[in-house]
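The structure appears below as structure tokens.
The values are calculated or read from the model by the stated rules, or taken from the named source; none is laboratory data. Just so you know, these numbers come straight off a predicted model, no measurement behind them. Cβ sites come from the backbone with ideal geometry, for glycine too, and all protein chains shown count toward neighbours.
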Amino acid sequence: MFTSYPSQADGGDFSLDFTAAAPFDYNHTTGGGAFEDRTVGKFDDIVESLEGGDFACGDTVTFLTQVVTASSPSDAIQTIELDYVFLANSTGQPGVALSDVTGVQINYAVASPDGDGLDSGNKDNDNSSATLTAELLTGPLYTSGAELHATVEVTNLEAGEEVIVRVDVRVSCDLGSRPTGNLQARLDDARTIAPNGDTIPGGAQTIPFKKVNKIEPAMIEVSKTVTTVNGNCPGNESLTIDLIDAVKYCYEVTNTATTTPLLNVMVVDDNGTPGNPNDDFEIANLIGLTNEDNDNITDDLAAGSVATGSAIVEINDFNLAGQALVNIATATADGVSDTDPAQVNINPLPVPAVEIIKEICIKAECTDGDFVDANSSTVAPITTLGGDATYRITVENIGETSLINVMVTDAQLNIVDYFVGNLAFEETKILTSVNIPELAQPGRCQISGDLTNIATVTAEFALTSETVMDSDPAVLRCVEEALTLIKEISIDGGTTYFDANDGTNAPVVALGEGGLYRISVFNGGTADLMNVVLNDSTLGIANYAVGTVLVGNTVILGAGEIPALAQPERCEDPGDITNIATVTGTSTATGNELSASDPAVLRCVEEVIEIVKEISVDGVNFFDANNSSTAPAVEIGAGATYRIILRNNGTTELINLIVNDAKLSISNFAVSGALAAGSSITLTLGDITQLDQSDTNLCSTADDFTNMASVTATSPATGNEVSDMDPAVLRCINEGITILKAVSVDGGNTFFDANTSDTAPSLAIGGEAIYRVTLENIGSSKLANLELNDEELEVIKLKLDDLDIGIKRTEDGIEISAPRTPCSMAGTHTNIASINAISLATGNTVSASDPALINCIGDAAGVLIIDEDSIDNDLVYWLGSVAKPEQNNGSDFSTAEINEHIPAIGQRLPLPFFVSNVGSQFQLKTGQVGDEAWYALQQVPSNWGGNGLRAFINGTLRQSKLDKIDDVTPLRATGLKGLEGGDYCAIVYDSDVSINYAPLQGNLQGEILGIAAFHVEIGGVRLLDTFSSSTLPSVLISALDPTTVCAGQLRLLSAPRPPSSSEPADIDPDNPKGGYLQYLQ
């Protein structure tokens, strides 16, 4: 049965769906993908837009068009044409294009995502075909408006069939460009062409290709290096070789892209002849290439991969000698290329040269380091007469090629044409006396002076028979060395010197005297001496640098050069003193060390006088008191008795003894007779009346009194005068002790040196106090037998430890430190502690005492706040005796009475009015309803701290903590009535206190006049009925001392809280609750 179709075309028989294959479902080198069930997603079937980051330059992009034929088409079999337009330039900066249609087919056999090799999107009898029938670029790639037009013919489309038309398009890039913007693929038009022609409806469909700047470009990099034939690759950028040699060139090609493979990779070397391709050669052995484009040729390079190769080239052109040969390698792949050179430097023809070095050694056993290349006298080794010499000859090929027929000659040493042999390039041969016996020359130095001989070497260059030669001298210096020392001594200041080598010709001096030495250093050789050093350990001369002594010169050294040669007190003990001087020096010629020595003898005799001055403070016991530690002590204003002992401690008689003591007015007292060796004499007040100073005020200050006695005598043996002196020290003592009694009323945390009531702490009646005492030794003698007394505290003659000089000690843990209850009634309580002690220096008694006061206070005072409506400059108050206060029968506060002239933030000075009127009674105004003057503080804010009430009274709170204080309560008649019978500490403000009623809060910031204290009398709150109807009562007070009351215990107050500034109108203290009843809850 055959179906009949009308013979007319109908574009309406077809529907088209233009898509792009999912970019991660196919190989971008070949194209691919599958329409399947049209799941949209990069990793699924298709996408409706593309992104540059998913592709690279040179990739193939696959577009899939679904062609659906109606189930009842106008013709049984039809052919259609599809027109595609691809942008050949990016919409922003140029540089990328959809450049070429690389394949067209019905997507039958594919590498489908589901692995079955089929595109399930095809639903036909597998006989349709797709052919590219036309392809046209409208302009050059990468130019504005350029497009790629392509027409595809699709055949054998039958009723109900669905076929997938695949079009593969290459992505091309302009190397070095920075493209921006987008590309686009468009199904521009479609039509039936067989059996008849008709337009397929539906209009154009587009696939945007976004962010072309993210398309990865193809990237290639070549590196060319050079190494030796057997060297490893990679080599170096350059290599230096000799002519007629070979090198190995190394090539490394790198695909530096992340995803883009390089296709059709090739490396060509220009063989060092740029511009002449005839001798170029290709590197055919590249390792690392793969088949990335599925063309069955291994000539591609995967992204991130490296391919390597090498080539060996011989360089034998003589014209290249001394030249540099540069070879350039060029690596290419589809769309990219790179070059890199390598350089071979060819050495010029070699130059022959030979060198001879003749060296000399003057040691008995010579090592390598002992030989010297002595080409002149300045560097020649030096030896003494009769010294030996050994020579060494070094022959070195210093040219650029090998040498033959090498021979050495040294006529002076009788060496003629000694055959060395051949020398290879850079070869060295060393010739010693083992090779040539004549190089050993024992006894070489026979006369002083320089000995010079020359060695010569000759050699031939084999290629040219050219002869080269060199010569080198060796110089030896011969010298004579001698060093002499003479040490002399003088005892007359340098007029006469003695070369006293023993005691028989030694000069004689007394003990304590000495001599003047002189040293002469003589160079008797033919070589200068350097580093000449003198030593004399007995005189303390260590390594004195004489310096350089020239040939034939003498250096004379005296005390001017070496102070230690002056020994004016050389004789310390009787007998002969011998000391030896030694000099050493180094020959500048040979480095040999020379030395010489010589003694000098001095004979000593002993002459000694001793004086001992002693002191007594009791006339009986005498002390040799040379310092404060051994001195006797007396108090300020006392004196002492002295005696003097003279002793001859020498070995010879002394005469003409004279005694002096300036402070005791003893002047040139002559001791009669001679004082034999080893004997002594004692001088007392019977001999010298000035030695009695017992009734003299030697101690005027607390310092040591020191005076010095001296004696002189003459030795008849030498005529020398001897002398001695000795001090006597008397300690003058300042004696004293202080006691500090302090009191604490807070359990021992804080102590007060309360000598007056102003500095005394306050303590409630029955409260506990703790006392402590601190002792200080303010004298210059240690104190003992300390006794503490405090009768009121029942401390009687309490024994305490000794007290050293300058020590300050607080006595803890004694009876006086026990807690006490000193306050039995209000007022100032005083008790006194005293201390007695004995001065260990003099036995005198010292004492001191100190009081401690406490302000005893009664019950805790309530805290009030008063502003300018009660206490202010020129504000009226009344004496307590005024029966009915009127405006005209009162007094006014003055500025000075209430500190009006010095208000300040935190001010807590007592108001002088209250200080000067303690005990007096006065009546004060308390303001008006809504403008009250007295306020009660009913609670302490938590941010004031643990002792916040005291901090407020002391004025130490910051202003920021004094705003919006809860329950600062204005006192009207009822609140004022509740104050009767109590004591109060009041903070008096210089201005109004600001009050808020909902909630009840007060602002306590601002300047303060000071503090006041008073007692409110019973019945003292009275109605002021002669004033306005809003005037609050007056209050009868008795003034108290503000400092005492406010420093004592404090309490908060309780008072009714008014709900507003006008209600209740509580002005009558005799009206119970004063109108508050309706507000009480």
Condition broken by Ser629, with the remaining ones in (1) surrounded by fewer than 16 Cβ atoms within 10 Å (Cβ to Cβ); (2) over 30 Å from Thr526 (Cβ atoms); (3) free of Cβ contacts under 8 Å to residues at least 40 places away in the same chain; (4) touching a Phe, Trp or Tyr at 6+ places or on another chain (Cβ under 8 Å) satisfied: (4)
Qualifying position, being touching a strand residue (DSSP E or B) at 6+ places or on another chain (Cβ under 6 Å) and surrounded by fewer than 19 Cβ atoms within 10 Å (Cβ to Cβ), among Thr260, Thr227, Thr180: Thr227
First in the stretch 169-183 and within 17 Å of Leu148 (Cβ to Cβ) and among the β-branched types (Val, Ile, Thr), second anywhere and surrounded by fewer than 18 Cβ atoms within 10 Å (Cβ to Cβ) and modelled with pLDDT of 90 or more, Cβ under 7 Å, 6 or more apart: Val169/Thr102
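Those residues that are more than 22 Å from Asp417 (Cα to Cα) and assigned to a loop (DSSP other than H, G, I, E, B), I need them from the stretch 432-463; list them, please. Before you say what the answer is, go through the steps one by one.
First, the residues of the stretch 432-463 that are more than 22 Å from Asp417 (Cα to Cα): 442-451, 463.
Within the stretch 432-463, Pro442, Gly443, Arg444, Cys445, Gln446, Ile447, Ser448, Leu463 meet the criteria.
For the structure I just gave you, tell me whether Ser471 is among the small types (Gly, Ala, Ser), touching a residue at least 24 places away in the same chain (Cβ under 8 Å), over 30 Å from Thr394 (Cα atoms) and not in a loop (DSSP other than H, G, I, E, B). Quick ask: steps written out before the conclusion?
Working: among the small types (Gly, Ala, Ser): yes; touching a residue at least 24 places away in the same chain (Cβ under 8 Å): yes; over 30 Å from Thr394 (Cα atoms): no; not in a loop (DSSP other than H, G, I, E, B): yes.
No: the conditions fail for Ser471.
Touching a strand residue (DSSP E or B) at 6+ places or on another chain (Cβ under 9 Å) and of a type in the set (A, V, I, L, M): is that true of Ile297 in this structure?
Details: touching a strand residue (DSSP E or B) at 6+ places or on another chain (Cβ under 9 Å): no; of a type in the set (A, V, I, L, M): yes.
Here the answer is no, as Ile297 does not meet what is asked.
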Identity of the residue in the stretch 243-256, surrounded by 14 or more Cβ atoms within 10 Å (Cβ to Cβ) and either part of a loop (DSSP other than H, G, I, E, B) or at positive phi (or both), that ends up nearest to the chain's Cα centre (by Cα): Thr256
Qualifying residue in the stretch 310-329 (condition: at pLDDT 90 or above, closer than 26 Å to Cys173 by Cβ and surrounded by fewer than 20 Cβ atoms within 10 Å (Cβ to Cβ)): yes
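Collect the residues in the stretch 502-523 that are in a loop (DSSP other than H, G, I, E, B) and surrounded by 15 or more Cβ atoms within 10 Å (Cβ to Cβ), keeping them in residue-number order.
In the first step, residues of the stretch 502-523 are kept if they are in a loop (DSSP other than H, G, I, E, B); the result is 502, 506-507, 511-514.
Hits for the stretch 502-523 are Ala506, Pro507, Leu511, Gly512, Glu513, Gly514.
The rows are residues; the columns are (1) buried (at least 20 other Cβ atoms within 10 Å of the Cβ); (2) in contact with a helix residue (DSSP H, G or I) (Cβ under 9 Å, 6 or more places away or on another chain); (3) within 15 Å of Ile865 (Cβ to Cβ).
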position	(1), (2), (3)
Trp944	no, yes, yes
Asn947	no, no, no
Phe952	yes, yes, yes
Ser960	no, no, no
Gly982	no, no, no
Ser994	no, no, yes
Asn1003	no, no, yes
Leu1009	yes, yes, yes
Ala1013	yes, yes, yes
Filter pass, Asp370 being out of contact with any Ser or Thr (no Cβ under 7 Å at 6 or more places or on another chain), more than 30 Å from Asp245 (Cβ to Cβ), without any contact (Cβ under 8 Å) to a residue 40 or more places away in the chain and not hydrophobic (A, V, I, L, M, F, W, C): yes
For Ala589: the one exception among (1) of a type outside the set (Ser, Thr, Tyr); (2) closer than 18 Å to Thr842 by Cβ; (3) in contact with a strand residue (DSSP E or B) (Cβ under 6 Å, 6 or more places away or on another chain); (4) outside any strand (DSSP E or B): (2)
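Counting just the residues of the stretch 524-538 that are hydrophobic (A, V, I, L, M, F, W, C) and surrounded by 20 or more Cβ atoms within 10 Å (Cβ to Cβ), which one comes out modelled with the lowest pLDDT? Write out each step before concluding.
Looking only at the stretch 524-538, we keep the residues that are hydrophobic (A, V, I, L, M, F, W, C), and these are 527, 529-530, 532-534.
Filter again for surrounded by 20 or more Cβ atoms within 10 Å (Cβ to Cβ), leaving 527, 529, 532, 534.
Values: Ala527: 88, Leu529: 93, Val532: 95, Leu534: 95.
If we take residues in the stretch 524-538 being hydrophobic (A, V, I, L, M, F, W, C) and surrounded by 20 or more Cβ atoms within 10 Å (Cβ to Cβ), then Ala527 is modelled with the lowest pLDDT.
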Elements of type strands (runs of 3 or more DSSP E) contained in the stretch 165-228, each with 2 or more residues being within 30 Å of Ala246 (Cβ to Cβ): 220-228
Residue selected from the stretch 267-282 under the condition free of Cβ contacts under 8 Å to residues at least 40 places away in the same chain and in a loop (DSSP other than H, G, I, E, B), by the criterion surrounded by the fewest Cβ atoms within 10 Å (Cβ to Cβ): Gly275
Failed condition for Val993, given (1) more than 16 Å from Gln928 (Cβ to Cβ); (2) at pLDDT 90 or above; (3) among the hydrophobic types (A, V, I, L, M, F, W, C): (1)
Pairs, first in the same structural domain as Ile491 (by TED's automatic domain parsing) in the stretch 569-592, second surrounded by 15 or more Cβ atoms within 10 Å (Cβ to Cβ) and among the basic types (Lys, Arg), C-beta under 8 Å, six or more apart: Gly575/Arg603; Asp576/Arg603; Ile577/Arg570; Ile577/Arg603; Ile580/Lys487; Ala581/Lys487; Ala589/Arg477
Residue ID - farthest from Ser715 (Cα to Cα), chosen from residues in the stretch 607-645 that are assigned to a strand (DSSP E or B) and of a type in the set (Val, Ile, Thr): Val634
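Per-residue answers, yes or no, for (1) surrounded by 14 or more Cβ atoms within 10 Å (Cβ to Cβ); (2) among the hydrophobic types (A, V, I, L, M, F, W, C); (3) out of contact with any Pro (no Cβ under 7 Å at 6 or more places or on another chain); (4) in the same structural domain as Ser1061 (by TED's automatic domain parsing):
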position	(1), (2), (3), (4)
Asp874	no, no, yes, yes
Tyr877	yes, no, yes, yes
Val915	yes, yes, no, yes
Trp934	yes, yes, yes, yes
Pro941	yes, no, yes, yes
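Residues are listed down the side, and each one gets a yes or a no for (1) of a type in the set (Phe, Trp, Tyr); (2) in contact with an Asp or Glu (Cβ under 9 Å, 6 or more places away or on another chain); (3) crowded, with 17+ Cβ neighbours inside 10 Å:
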residue	(1), (2), (3)
Ala380	no, yes, yes
Ala389	no, no, yes
Leu413	no, yes, yes
Asp417	no, no, no
Within the stretch 1009-1030, tally of residues that are touching a Lys or Arg at 6+ places or on another chain (Cβ under 8 Å) and either at pLDDT 95 or above or not in a loop (DSSP other than H, G, I, E, B) (or both): 3
Matching option when the condition is more than 17 Å from Leu1052 (Cβ to Cβ), within 57 Å of the chain's Cα centre (by Cα) and part of a loop (DSSP other than H, G, I, E, B), among Gly1006, Gly919: Gly1006
Count of the stretch 992-1003 residues which are out of contact with any strand residue (DSSP E or B) (no Cβ under 8 Å at 6 or more places or on another chain) and not in a loop (DSSP other than H, G, I, E, B): 1
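Say we look at the stretch 53-96 and pick out the residues that are in a strand (DSSP E or B) and within 60 Å of the chain's Cα centre (by Cα); which of these is nearest to Asp300 (Cα to Cα)? If you could, list the steps in order and put the result at the bottom.
Start the filter on the stretch 53-96 by keeping residues that are in a strand (DSSP E or B), which leaves 56, 60-69, 77-87, 96.
Within this subset, residues satisfying the condition of being within 60 Å of the chain's Cα centre (by Cα) are 56, 96.
On the way: Ala56: 15, Val96: 22 Å.
Filtering first and then ranking leaves Ala56.
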Meets criteria (buried (at least 17 other Cβ atoms within 10 Å of the Cβ) and either among the charged types (D, E, K, R) or not in a strand (DSSP E or B) (or both)) for Ala303: yes
